[in-house]
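Novice: Here's a structure for you.
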Amino acid sequence: MLAGRLSPGFTSKVNLFVDVALVFILTFAAASSNADADLEDMRGLFWIATAGMAAWVITAAALRHYSVLAYDRAALDDAAMISVHVAAMVTVLAIVELFVGGRAPTPNIPQLLVLVWCSVALARWFFRRLASGEPPLDDVLIVGIGPIGRLTASDLRQRRRHNVIGHLKLATENGRETALLERSYATDGAICRILGGASQLEQVLRTVAVDEVYVAGKVRTHGEEMQEVIRVCERFGIPFAVPAYAFRLDRAHAVEANAVQDGYLHYETHKPMVQQQAMKRLFDIIASAVALWLLLPLFVVVVALIKLTSRGPVFFRQTRVGLHGRTFNMLKFRSMVVNAESLKASLATLNEQSGPVFKMRRDPRVTRIGRFIRKYSIDELPQLINVLRGDMSVVGPRPPVPDELLKYEAWQRRRLSVRPGLTCIWQVSGRNQISFEDWMLLDMQYIDHWSLARDFQLIFRTIPVVITGRGAS
């Protein structure tokens with residue numbers, strides 16, 4: 001298969017090139033019907049098409065639409081993303097037409113919208129199929145290096161659906177099993193990583209981002225160890241899979257074959273509700289895109305105020321921990337002095353929040369304009385870009401800082417089992433006025449009782465809290 005011979009990321013690069021070429025050509029063609037054949041009009045057509053292409057590229061960069069992991073999105077997500085790109089491009093061209101008027105050729109906007117959306121959607125369908133064989137997808141950890149562990153790792157490598165980050169040994173597995181596992185990996189040209197014993201699972205999960213744990217042991221031999229592995233996964237909120245069959249089957253087949261396609265039963269610590277989750281992601285894309293366009297004038301004002309009142313960059317990028325322990329750069333309007341992070345240690349004794357988080361009502365690092373934008377959560381608005389990218393959701397537990405996460409108890413790390421968000425129960429329940437322990441319990445309550453309707457309730461409850469600035473510091 002062609003995709004199997006492609007290097008990781010190659011498909012996304014070609015996809016970007018093809019889409020940009022389509023946008024340029026179709027914009028040029030749609031505008032040429034309103035142009036004469038003279039040189040001046042040809043120049044105008046070129047710059048109009050370039051403007052449409054630039055709008056597409058900038059939007060794609062902001063949303064990471066052409067990243068390798070973007071091909072894991074559902075088809076509905078892709079359709080929504082393409083719609084956002086087309087809307088951004090058409091908006092730019094409409095603004096150009098408003099200023100240019102009849103002095104230069106401009107495209108027929110409705111015609112261009114249909115042409116670009118259909119062409120790009122068709123190209124995306126092709127490249128999604130081509131990218132289906134490209135690594136990486138999910139990072140998985142296999143507990144077990146015996147026959148089941150070796151077969152599981154080999155199967156996952158051949159399917160190219162998962163990246164095996166390593167193995168943990170079960171108690172009875174020895175040097176011979178290690179040698180056989182290393183030989184199996186060497187045959188496929190892969191690197192074998194044994195990260196320790198099964199008893200070290202909690203330590204590994206605290207330091208490595210893992211999407212799922214495969215418990216590849218025999219129930220009769222490793223029953224107690226497997227049970228402890230499951231307990232740790234449940235505490236951390238990490239999905240896990242256990243062998244579907246305790247016995248060897250020669251002719252018998254599972255009645256529901258789809259449930260055991262890879263020989264494992266897969267479990268999550270909260271009810272999946274796939275359809276509602278798909279609708280949640282679709283809402284995130286549409287709501288954040290619309291909000292960014294509507295709030296653009298406010299962004300311009302805030303940018304100007306920050307630049308006029310303090311030295312330093314407009315945006316503050318901070319590493320946060322997201323779904324299953326993956327880190328990402330969270331965006332905020334800068335509300336503090338440039339060296340705020342280095343000053344944090346000297347203010348540690350003045351911390352007013354319990355637990356491994358730092359909060360002060362009168363933080364001396366906050367600038368004059370910063371105090372205002374923090375009170376009304378305006379500094380958080382750039383995170384709408386994180387929502388569009390897929391790092392965050394509109395509703396979900398707030399993403400922790402890596403240093404703070406290291407101090408979490410195991411049960412508190414279950415917050416990472418869902419995508420982090422802009423707002424959650426904590427934000428509408430007093431924010432900094434409640435203890436860290438209660439904050440964590442509220443997040444667990446959200447995860448265990450999640451529904452799409454509950455998300456909308458939290459959004460509506462957040463609006464008056466933001467307007468009044470209640471509980472902020």
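The values are calculated or read from the model by the stated rules, or taken from the named source; none is laboratory data. Note that this is a predicted model, so its numbers are computed, not measured. Don't worry about glycine lacking a Cβ; one is built from the backbone with ideal geometry, like all the others, and counts go over all protein chains shown. Accessible surface areas use protein heavy atoms only, side chains included; no ligands, DNA or RNA. Shrake-Rupley method; radii C 1.70, N 1.55, O 1.52, S 1.80 Å.
Novice: Does the stretch 308-323 contain at least one residue that is assigned to a loop (DSSP other than H, G, I, E, B), within 18 Å of the chain's Cα centre (by Cα) and within 30 Å of R365 (Cα to Cα)? Lay out the reasoning, then the answer.
Specialist: Initial filter on the stretch 308-323 (assigned to a loop (DSSP other than H, G, I, E, B)): 310-314, 322.
Among the residues that remain, those that are also within 18 Å of the chain's Cα centre (by Cα) are: 322.
Next cut, within 30 Å of R365 (Cα to Cα) only: 322.
Yes - at least one qualifying residue is present in the stretch 308-323.
Novice: On to the next question. Which one is most open to solvent (accessible area, probe 1.4 Å) among residues in the stretch 281-316 that are without any contact (Cβ under 8 Å) to a residue 12 or more places away in the chain and closer than 25 Å to P420 by Cα?
Specialist: My answer is L294.
Novice: Which residue pairs have Cβ atoms under 8 Å apart, sit 6 or more places apart or on different chains, and have a first residue in the stretch 375-399 that is at positive phi and a second that is among the β-branched types (V, I, T) and surrounded by fewer than 21 Cβ atoms within 10 Å (Cβ to Cβ)?
Specialist: So the pair list comes out as S377/V466.
Novice: Follow-up. Condition check: in contact with a helix residue (DSSP H, G or I) (Cβ under 8 Å, 6 or more places away or on another chain), farther than 25 Å from Q261 by Cβ, assigned to a strand (DSSP E or B) and among the aliphatic types (A, V, I, L, M). Does L195 satisfy that?
Specialist: Values: in contact with a helix residue (DSSP H, G or I) (Cβ under 8 Å, 6 or more places away or on another chain): yes; farther than 25 Å from Q261 by Cβ: yes; assigned to a strand (DSSP E or B): yes; among the aliphatic types (A, V, I, L, M): yes.
For L195, the condition - in contact with a helix residue (DSSP H, G or I) (Cβ under 8 Å, 6 or more places away or on another chain), farther than 25 Å from Q261 by Cβ, assigned to a strand (DSSP E or B) and among the aliphatic types (A, V, I, L, M) - is met.
Novice: Check off (1) free of Cβ contacts under 8 Å to residues at least 40 places away in the same chain; (2) within 29 Å of E409 (Cβ to Cβ); (3) touching a Pro at 6+ places or on another chain (Cβ under 9 Å) for E212 and give me the number that stays unchecked.
Specialist: (1)
Novice: Limited to the stretch 203-218, what total is found for residues that are assigned to a helix (DSSP H, G or I) and either within 16 Å of G144 (Cα to Cα) or in contact with a strand residue (DSSP E or B) (Cβ under 9 Å, 6 or more places away or on another chain) (or both)? Can you show your working first?
Specialist: Step one: list which residues in the stretch 203-218 are assigned to a helix (DSSP H, G or I), which gives 203-207.
From the residues that got through so far, the ones that are either within 16 Å of G144 (Cα to Cα) or in contact with a strand residue (DSSP E or B) (Cβ under 9 Å, 6 or more places away or on another chain) (or both) too are 203-205.
Final tally of qualifying residues: 3.
Novice: Given I467, I463, which one is farther than 21 Å from M330 by Cβ, out of contact with any strand residue (DSSP E or B) (no Cβ under 9 Å at 6 or more places or on another chain), open to solvent by 10 Å² or more (accessible area, probe 1.4 Å) and touching a residue at least 12 places away in the same chain (Cβ under 8 Å)?
Specialist: Just a single option satisfies the conditions, and that option is I467.
Novice: A further question follows. Determine if the stretch 230-243 includes at least one residue that is modelled with pLDDT under 90 and aliphatic (A, V, I, L, M).
Specialist: Looking only at the stretch 230-243, we keep the residues that are modelled with pLDDT under 90, and these are 243.
Of the ones still in play, those that are also aliphatic (A, V, I, L, M) are none.
No, the stretch 230-243 contains no residue that is modelled with pLDDT under 90 and aliphatic (A, V, I, L, M).
Novice: OK, next. Do we have R389 as touching a Cys at 6+ places or on another chain (Cβ under 8 Å), within 28 Å of D77 (Cβ to Cβ) and among the charged types (D, E, K, R) here? Outline the logic, then answer.
Specialist: Details: touching a Cys at 6+ places or on another chain (Cβ under 8 Å): no; within 28 Å of D77 (Cβ to Cβ): yes; among the charged types (D, E, K, R): yes.
No, not satisfied.
Novice: Any idea how many residues of the stretch 264-276 are over 14 Å from D448 (Cα atoms) and free of Cβ contacts under 8 Å to residues at least 24 places away in the same chain?
Specialist: So the first thing to find is which residues in the stretch 264-276 are over 14 Å from D448 (Cα atoms), and the list is 264-267, 274-276.
This time we only want the ones that are free of Cβ contacts under 8 Å to residues at least 24 places away in the same chain, so: 274-275.
Of the residues in that region, 2 qualify.
Novice: Between A35, A54, which is modelled with pLDDT of 80 or more and among the hydrophobic types (A, V, I, L, M, F, W, C)?
Specialist: A54
Novice: Residues of the stretch 344-374 being assigned to a helix (DSSP H, G or I) and either at pLDDT 85 or above or surrounded by 14 or more Cβ atoms within 10 Å (Cβ to Cβ) (or both), which ones?
Specialist: Residues of the stretch 344-374 that are assigned to a helix (DSSP H, G or I), as a first pass: 345-350, 368-374.
If the condition is that a residue be assigned to a helix (DSSP H, G or I) and either at pLDDT 85 or above or surrounded by 14 or more Cβ atoms within 10 Å (Cβ to Cβ) (or both), then L347, R368, I369, G370, R371, F372, I373, R374 are the ones that fit.
Novice: Another one. If Y446 meets every condition in (1) in contact with a Pro (Cβ under 8 Å, 6 or more places away or on another chain); (2) surrounded by fewer than 18 Cβ atoms within 10 Å (Cβ to Cβ); (3) outside any loop (DSSP other than H, G, I, E, B) apart from one, which number is that one?
Specialist: It is condition (2) that Y446 fails.
Novice: A further question on this structure: Out of (1) open to solvent by 50 Å² or more (accessible area, probe 1.4 Å); (2) free of Cβ contacts under 8 Å to residues at least 40 places away in the same chain, what's the single condition that is false for T221?
Specialist: (2)
Novice: For residues in the stretch 375-405 being among the acidic types (D, E) and surrounded by fewer than 20 Cβ atoms within 10 Å (Cβ to Cβ), which is farthest from V466 (Cα to Cα)? Please lay out each step first, then the result.
Specialist: Step one: of the stretch 375-405, the residues among the acidic types (D, E) are 379-380, 391, 403-404.
Filter again for surrounded by fewer than 20 Cβ atoms within 10 Å (Cβ to Cβ), leaving 403-404.
Working: D403: 28, E404: 25 Å.
Checking each candidate, the answer is D403.
Novice: Only one residue in S83, S67, S132 is of a type in the set (S, T, Y), at pLDDT 85 or above and open to solvent by 30 Å² or more (accessible area, probe 1.4 Å). Which one? It would help to see each step written out before you state the result.
Specialist: On the way: S67 fails: at pLDDT 85 or above; S132 fails: at pLDDT 85 or above.
Criteria check complete, one pass: S83.
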